[in-house]
Amino acid sequence: MEQAGILGLGCYLPSRKMTNKDLEKLVDTSDEWIMTRTGIKERRIAPKESAASDLGVEAAKLAIKDARLKPEDIDLIIVATVTGDMAFPSTSCIIQDKIGAINAAAFDINAACSGFVFGITIAKQFVDSGLYKNILVIGAEKMTSLVDWTDRSTCVLFGDGSGACIVGKSKDRQIASYFIGCDGSGSNLLRLPAGGSRIPATEDTVKNKLHFLKMEGNEVFKLAVKVMADAANKAITKAGLLCSDINLLIPHQANIRILLAVAKKLGLPEEKIFLNIEKYGNMSSASTAVALAEANKDGRIKKGDNVCLVAFGSGLTYGAVVIKW
Ligand code: COA
């Protein structure tokens, strides 16, 4: 029976690499500290003139081509981002224009690093209800535009990139289940303090660096392991599966120690976890989007496999989807 599934995938990474050695010249850190504490070796940096929409357009074009569709075939564009080109209009509208998806409605969602998982979940509802046929879901982030390059506890973690998928009616690669959740009591743990209606931009907010992301790393770490394992478990159970039935877990690439702890909680061996954190760091909503596209391209997913995408992020938000490939 046909139901919502993945029709096409694509991802885009800016070519400029920033290595841990490069960061040693900016802040008091070391390649050894970053590698052992986070698993990150390098990250990509988008050009100064590029915004999230420019990154998203590249991934979107590849996903549309991969699905053998034309931009006019897209009915809806959902962009997951916390680094949109501006507060409004939505980045999805800018992308709609740039790719010529003239028949598409478009909106952004902000579920931070869980955004791509939330986006797929929303797209599934529209496809299964019959309202839309082809939905473009994009995770696009220029995280380095929010990073304080003098704060060693955060600047080593993030990078830029984008990934996209087309969700439509399909006989394979079906979205078997989903689970999304939130714990708003953790909303202070990872945030961009100023620039919104609470603290609009002033000379003081700039001087006090309130337009850069702030994070309580240790607290986020502890909660991340719990909520990712819980979310994955819930989606896997909803799909009528056991953790041992999962062939590949594709987690949000936040910190290798978090990911290995989640895998351990789920009883999954390391070889069943897709990791690309070493190359890209944390790209927020783009992390799972890029990882899914790369896992597919690299032949890590075979027909019949059960794939679980799981993420957590600022909010705190968390979620997982199971895809039967
Ligand atoms: N280089 C060298 N030392 C650093 C450093 C860096 N880049 N960043 C922090 N340190 C220092 C700290 O100042 C501290 O020094 P002190 O003991 O003298 O005070 C020491 O390293 C340990 O800091 P701590 O924060 O306890 O390290 P940690 O092992 O918890 O690792 C994170 C820090 C940020 C890597 C880790 O907490 C983390 O990954 N948290 C989750 C973040 C995350 O995933 N965010 C995204 C959510 S989507």
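Each value in this text was obtained by applying a stated rule to the coordinates, not by laboratory testing. Computed from a prediction, not measured in an experiment: that's the story for all the values here. Don't worry about glycine lacking a Cβ; one is built from the backbone with ideal geometry, like all the others, and counts go over all protein chains shown.
Here is how the numbers come out for the structure above:
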{"read-out": "Most mobile listed residue (Ser145, Ser244, Ser92) in the chain, GNM with C-alpha springs under 10 Å", "value": "Ser244"}
{"read-out": "Sequence-distant lysines (8 or more away, or on other chains) whose Cα lies within less than 24 Å of Lys207", "value": "Lys25, Lys48, Lys142"}
{"read-out": "Antiparallel bridges, percent of DSSP beta bridges restricted to the chain (to nearest 5)", "value": "70"}
{"read-out": "Nonlocal amide H pairs with Asp148, under 5 Å, H built at 1.01 Å", "value": "Leu213"}
{"read-out": "FRET efficiency estimate (nearest 0.05) - Cβ-Cβ, Glu278 to Asn188, R0 25 angstrom", "value": "0.25"}
{"read-out": "Candidates Ala101, Ala286, Ala87, ranked by Gaussian network fluctuation over the chain, Cα under 10 Å, top entry", "value": "Ala87"}
{"read-out": "DSSP-assigned coil residues among chymotrypsin sites (Phe, Trp or Tyr not before Pro) in segment 140-200, each with at most 15 further Cβ atoms within 10 Å", "value": "Trp149"}
{"read-out": "Derived scalar couplings ³J(HN,Hα) [segment 93-109; Karplus, 6.51 cos²θ - 1.76 cosθ + 1.60; whole Hz; x for Gly, Pro]", "value": "5, 5, 5, 3, 5, 5, 9, x, 8, 5, 9, 9, 6, 8, 8, 9, 10"}
{"read-out": "Sequence-separation-based contact order of segment 177-324, relative, with Cα cut under 8 Å and 6+ spacing, percent", "value": "36"}
{"read-out": "Segment 3-171 - share of DSSP beta bridges that are antiparallel (%, nearest 5)", "value": "65"}
{"read-out": "Exposure rule at most 14 other beta-carbon atoms within 10 Å, DSSP loop trypsin sites (Lys or Arg not before Pro): the chain longest free segment", "value": "69-170"}
{"read-out": "The chain: C-alpha gyration tensor shape, a/c 1.5 cut-off, then a/b vs b/c", "value": "oblate"}
{"read-out": "Where GluC sites (Glu not before Pro) in DSSP loops with at most 15 other Cβ within 10 Å are excluded, longest remaining stretch of the chain", "value": "50-215"}
{"read-out": "Phi to ³J(HN,Hα) by Karplus 6.51 cos²θ - 1.76 cosθ + 1.60 over segment 215-222, Hz, x for Gly, Pro", "value": "8, 9, x, 5, 5, 4, 4, 4"}
{"read-out": "HN-Hα J in Hz across segment 231-243 - Karplus 6.51, -1.76, 1.60, θ = phi - 60°, x for Gly and Pro", "value": "4, 4, 4, 5, 5, 5, 5, 4, 7, x, 10, 9, 4"}
{"read-out": "Contact order relative to length of the chain, as percent, for alpha carbon pairs under 8 angstrom and 6 or more apart", "value": "26"}
